Amino acid sequence: MGITDQLIKFYRTDVPEEAAAMMRLSLFDWAACGIAGAQEAEFQPFKRAQMVEDGPAHVFGGGASGAAVAALVNGTLSHALDYDDTHFAHIGHPSVAVLPAVIALAETLDTPLTDAVDAAAVGIESSILVGLWLGREHYQVGFHQTATAGTFGAALGAARLLDLSPAQTRHALGLCASMASGIKAQFGTMAKPLNAGLAARSGVEAALWAQAGMSAAADGLEGDLGFGATHHAQAADVKLPKKAWHISTISHKFHACCHGLHAMLETLGDADIQPDNIAAIRIRTHPRWMSVCNIAAPATGLAVKFSYAHTAAMVLLGHQTGAIENFSDAVAKDADIIALREKIEVVADETLTETQSQVTFTLTSGGVRRLRHDLMAPMTLEARSNKLRAKVEALLGPERSEALWQAAIGAELDTLTARFSQTTPETA
């Protein structure tokens with residue numbers, strides 16, 4: 001059975017309790033990232049340019065629009081801080097492509113939150129399946145899986161909400177084959193979060209157009225001249241999940257930067273070494289991160305989020321990488337950070353997985369110390385929940401964080417989306 005047939009078989013499936021529970025945590029995390037991202041001054045002109053229509057779908061930072069525009073804006077703003085979740089097998093950020101589409105369309109349809117959560121879980125799981133089908137080569141050659149696989153996931157989440165027929169859903173996927181786009185060249189710029197917004201909008205539009213009767217190639221995803229063939233897909237053998245879904249292995253961010261840096265940052269958090277005692281540092285990481293987050297000399301705060309050496313120096317000098325405000329242009333130009341950065345070498349190591357990092361310190365005394373961390377170390381839902389609540393409290397403050405948490409685990413969609421217009425403590 002081809003990937004298209006598998007997705008059409010899957011989009012109406014029942015969602016396991018564990019997958020729904022993880023989806024609620026990602027919903028909470030995504031909404032917090034969007035609320036905080038909406039305060040970024042550089043994205044205000046973008047938001048104003050889109051808000052040309054009224055509608056039922058709430059937008060982060062205030063206002064409401066039609067579902068497609070709200071999906072575009074909310075997808076972009078929720079990825080603006082690059083603080084949202086990741087799936088390493090999929091090589092993408094699943095929530096920022098799928099949740100904006102599902103939540104915006106659910107508001108338009110007046111869908112209960114529980115049904116929206118199930119649709120989002122199906123959409124995210126589908127985006128991961130498409131990401132696995134596309135494979136590493138698709139990503140390595142330069143395509144951004146958040147945007148490409150994410151578009152198909154957003155469309156399937158929307159198809160579930162709209163109760164599209166299998167034939168309509170096939171057309172929606174075919175339409176996505178002409179719409180899915182996004183390149184890694186945008187990393188470190190405002191266009192990277194735009195990739196997520198475009199995926200969310202395209203998913204909404206493809207589903208609505210299919211519902212309205214627009215047709216598309218039946219094999220648009222996997223045909224000889226389809227998306228996969230023209231976008232370096234490996235066409236890997238993918239099997240539908242049964243009891244255990246891929247969504248259960250989503251990794252949430254606890255550092256406000258590219259997820260490729262997080263294993264290293266967790267490693268350095270255990271170092272307890274004074275910078276004056278460091279002669280040299282060698283950071284070993286999986287080869288694929290070398291083209292993603294290894295900017296050697298970042299000139300802006302946004303670029304710092306994609307720099308092994310600079311963020312490593314930050315941590316060792318006491319700068320908290322969980323604080324968004326620490327990724328500033330001033331930090332990019334900090335002389336002490338730059339001086340320590342010059343002692344750091346980053347090398348590819350094929351023996352490590354994509355979620356592992358090893359750091360070797362050579363001390364001025366001549367001693368050597370090695371530390372290692374793996375982001376895939378097991379974490380219970382309770383432990384993950386506690387870490388996410390601490391993260392969101394740091395982003396929004398205690399009262400706003402608690403209100404958002406209660407809304408995310410509740411039953412009413414409008415209670416959740418009413419929180420989208422709230423501000424962070426610094427801008428309240």
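The values are calculated or read from the model by the stated rules, or taken from the named source; none is laboratory data. Just so it is clear, the model here is predicted, and its values are computed rather than measured. Cβ atoms come from the backbone with ideal geometry, glycine included; neighbour counts cover every protein chain shown. Ligands, DNA and RNA are excluded from the accessible area calculation, which covers all protein heavy atoms including side chains. Shrake-Rupley method; radii C 1.70, N 1.55, O 1.52, S 1.80 Å.
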(request) Give the residues of segment 148-169 that are out of contact with any Ser or Thr (no Cβ under 6 Å at 6 or more places or on another chain), open to solvent by less than 10 Å² (accessible area, probe 1.4 Å) and either free of Cβ contacts under 8 Å to residues at least 40 places away in the same chain or under 21 Å from CYS293 (Cβ atoms) (or both), sorted by residue number. (result) THR148
(message) Quick test for you: out of LEU164, LEU175, pick the one residue that is hydrophobic (A, V, I, L, M, F, W, C), in a loop (DSSP other than H, G, I, E, B) and within 18 Å of VAL102 (Cα to Cα).
(response) LEU164
(message) Looking for something open to solvent by less than 10 Å² (accessible area, probe 1.4 Å) and closer than 16 Å to LEU221 by Cβ - is there at least one such residue anywhere in segment 106-123?
(response) yes
(request) Within segment 22-34, identify whether any single residue is surrounded by fewer than 20 Cβ atoms within 10 Å (Cβ to Cβ) and either among the charged types (D, E, K, R) or touching a His at 6+ places or on another chain (Cβ under 8 Å) (or both), and answer yes or no. (result) no
(message) On the basis of being open to solvent by 40 Å² or more (accessible area, probe 1.4 Å), more than 30 Å from VAL59 (Cα to Cα) and in contact (Cβ under 8 Å) with a residue 40 or more places away in the chain, does ALA348 make the cut?
(response) yes
(message) Against the condition in contact with a helix residue (DSSP H, G or I) (Cβ under 6 Å, 6 or more places away or on another chain), among the hydrophobic types (A, V, I, L, M, F, W, C), surrounded by 17 or more Cβ atoms within 10 Å (Cβ to Cβ) and within 30 Å of LEU81 (Cα to Cα), how does ALA210 come out, does it pass?
(response) no
(request) Please state which of the following conditions GLY142 fails to meet, knowing it meets all the rest: (1) surrounded by 24 or more Cβ atoms within 10 Å (Cβ to Cβ); (2) over 16 Å from the mean Cα position of the chain (by Cα); (3) over 20 Å from ALA216 (Cβ atoms); (4) free of Cβ contacts under 8 Å to residues at least 60 places away in the same chain. (result) (1)
(message) Given the options LEU208, LEU173, LEU225, name the one that is under 25 Å from ASP118 (Cβ atoms) and either without any contact (Cβ under 8 Å) to a residue 12 or more places away in the chain or touching a Phe, Trp or Tyr at 6+ places or on another chain (Cβ under 8 Å) (or both).
(response) LEU173
(request) Give the residue, chosen from THR76, THR111, THR146, THR151, that is part of a loop (DSSP other than H, G, I, E, B) and β-branched (Val, Ile, Thr). (result) THR111
(message) For segment 288-308, check the following and say yes or no: at least one residue is touching a Pro at 6+ places or on another chain (Cβ under 8 Å) and closer than 15 Å to HIS373 by Cβ.
(response) no
(request) Can you confirm whether segment 81-93 contains a residue that is of a type outside the set (Asp, Glu), surrounded by 22 or more Cβ atoms within 10 Å (Cβ to Cβ) and in a helix (DSSP H, G or I)? (result) no
(message) Going residue by residue through segment 194-216, is there one that turns out to be in a loop (DSSP other than H, G, I, E, B) and under 20 Å from GLN6 (Cα atoms)?
(response) yes
(message) Anything in segment 228-251 that is part of a helix (DSSP H, G or I), among the small types (Gly, Ala, Ser) and either in contact (Cβ under 8 Å) with a residue 12 or more places away in the chain or on the phi > 0 side of the Ramachandran plot (or both)? List them, or say none.
(response) GLY228, SER248
(request) Determine, yes or no, whether ARG372 is in contact (Cβ under 8 Å) with a residue 24 or more places away in the chain, in a strand (DSSP E or B) and of a type in the set (D, E, K, R). (result) yes
(request) Within segment 365-420, count every residue that is open to solvent by less than 50 Å² (accessible area, probe 1.4 Å) and either of a type in the set (Ser, Thr, Tyr) or closer than 20 Å to ALA38 by Cβ (or both). (result) 17
(request) Answer yes or no as to whether ALA233 is at pLDDT 95 or above, closer than 20 Å to HIS93 by Cβ and open to solvent by less than 10 Å² (accessible area, probe 1.4 Å). (result) no
(message) Looking at PHE254 and the list (1) farther than 14 Å from ALA147 by Cβ; (2) among the hydrophobic types (A, V, I, L, M, F, W, C); (3) outside any loop (DSSP other than H, G, I, E, B), which single condition is not satisfied?
(response) (3)
